[in-house]
Amino acid sequence: MVCTRFGRMIVGVIALLAVISTDLAKAAAVSPQDAALNRFYMLKSSEPKQAAAALGKAARQFPKDERIQLEWAYLLLKEKKPAEAYRAFMLAAVQKPNDGSLQRQIGFTALQADMIPEARHAFERALAIDPKDELARNQIAFMLDAEGKHRSARDEFKQLLNSSDPDRRLRACEAYGNLRTSVNRVMPKPWFGEVYLAPEWDRQTGAGVAPAQIRVGVTPESMPNVDVYASTRVTYDTRSGAGQGILGPQFYYDNAAIFAGGVRIRPVDGWPVIVFAEAGYAYDLIYKNRDRWQPDVRGGIVVAQEWNMLPLCDQVDPFAPRFIADIYADAVGFTRYENDVIAYARFRPGYRFYENADYAAEVYAMGAGATDTQNNPDNRFLEGGFGLALRAFSVAPVTLRSELVYVSRDNGNRYWDTRVRLETGFRF
């Protein structure tokens, strides 16, 4: 009995010694990196300053330990030191080169440190690792837009239109809608360029006319509502100048190339009002029994507004109609037309009866009128009718219009007219 009890005691002592030796072996096997992390975790709540100092020392001592570098990076972010945090994240990424979420975190950290190229590279790396990384794609899209690479940004936003996150999907939809008709910026800020083309055929005159305008200018950073520019404006038609008759050749449109410098001002933010003035010279494209070069000074006010014209990028039913409208009005004085002031206004309400992400079809009513200070019958009329428009929302947005209008002129002429016009314009 005694022997049995003594034997059990011996077995218990041996077992206890085995457990103690195992724990001592484990303690001895803890690496210096683990010991440093354990010290940080132990002090993190009670002694945050000592914990930070210990972790910083460990980060310098063990640059290849991604766990320490990640803890150090997040601590630096908490202390609002993004540039230092970026370097710690980069050291961690050396050990985890295929971690897309880490690359995305590096991108956000670089943005906080205003390290734009580094942020862009990190987001691109994250997207290369995981093409489904919506956060990285979203950031790349906004950065491309900020760089003036609007077409590339548009393509990135388009891939986010089916995002599972409703807020991200909505922001992408709005951005894509705004960028859908943008082209990549060619001219560096604060410079800009604009192109507008609107060739038209008019049944009443039997003439085709091709108005075009190009502007190149600058928007001073100190005056964001002011544009200073040089412009070239050309109008030419296919019938003017033909035949002599009693009064000589007929002229249906201006048929001139105008080279001018100008300034335009948007006096009130958010209002669709522009005041402008231009001065230059006009060259008669068809001889008019005078010096072909004529001074040209013009200026006035322009009002233009659209409603629901931007396409819906999340349209479920492409045949769901919705109301659209646009209004345009101007009053412009021209020295070359005997100091005439010509005023014009137009209103086009209608419905868009088909629409998808890239195309739309519309039907609309149209009413317009013009008058002037010189009682020129060509500048005094009323007209109203209907139109059909087909739109393509592309790099250069294109609208094809066909209109049937009844025209009443100040000289007593009344007639139905048909017009077909192709419109396109963009800013670069």
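The values are calculated or read from the model by the stated rules, or taken from the named source; none is laboratory data. Note that this is a predicted model, so its numbers are computed, not measured. Here the Cβ positions follow ideal geometry from the backbone for every residue, glycine too, while neighbour counts run over all protein chains shown.
Remarks
- Residues in the range 327-354 that are assigned to a loop (DSSP other than H, G, I, E, B) and either at pLDDT 95 or above or touching a Pro at 6+ places or on another chain (Cβ under 9 Å) (or both): 2 in all.
- Checked against (1) over 29 Å from D167 (Cα atoms); (2) touching a residue at least 24 places away in the same chain (Cβ under 8 Å), R60 passes all but condition (2).
- In the set G193, G148, only one residue is over 25 Å from F123 (Cα atoms) and among the small types (G, A, S); that residue is G193.
- Where a residue in the range 286-309 is in the same structural domain as T235 (by TED's automatic domain parsing) and its partner, wherever it lies, is aliphatic (A, V, I, L, M) and in a loop (DSSP other than H, G, I, E, B), with Cβ under 9 Å and at least six apart: R292/L285
- The single residue among Y253, Y236, Y283 that is crowded, with 17+ Cβ neighbours inside 10 Å, farther than 20 Å from A331 by Cα and of a type outside the set (D, E, K, R) turns out to be Y236.
- L111 surrounded by 17 or more Cβ atoms within 10 Å (Cβ to Cβ) and over 21 Å from R168 (Cβ atoms): no
- Within the range 326-360, the set of residues being within 30 Å of R409 (Cα to Cα) and of a type in the set (D, E) comprises D326, D330, E338, D340.
- Tally, over the range 193-212, of residues that are in contact with a Ser or Thr (Cβ under 6 Å, 6 or more places away or on another chain) and either within 22 Å of R414 (Cα to Cα) or not in a loop (DSSP other than H, G, I, E, B) (or both): 4
- Yes/no for T418 being under 30 Å from Y176 (Cα atoms), in the same structural domain as N308 (by TED's automatic domain parsing) and part of a strand (DSSP E or B): no
- Single residue of A136, A141 found to be closer than 27 Å to M187 by Cβ and surrounded by 19 or more Cβ atoms within 10 Å (Cβ to Cβ): A141
- Pairs with Cβ under 7 Å, 6+ apart, first in the range 316-342 and more than 28 Å from Y354 (Cα to Cα), second in a loop (DSSP other than H, G, I, E, B): G333/N339; E338/Q374; D340/T373; D340/Q374; D340/N376; V341/T373
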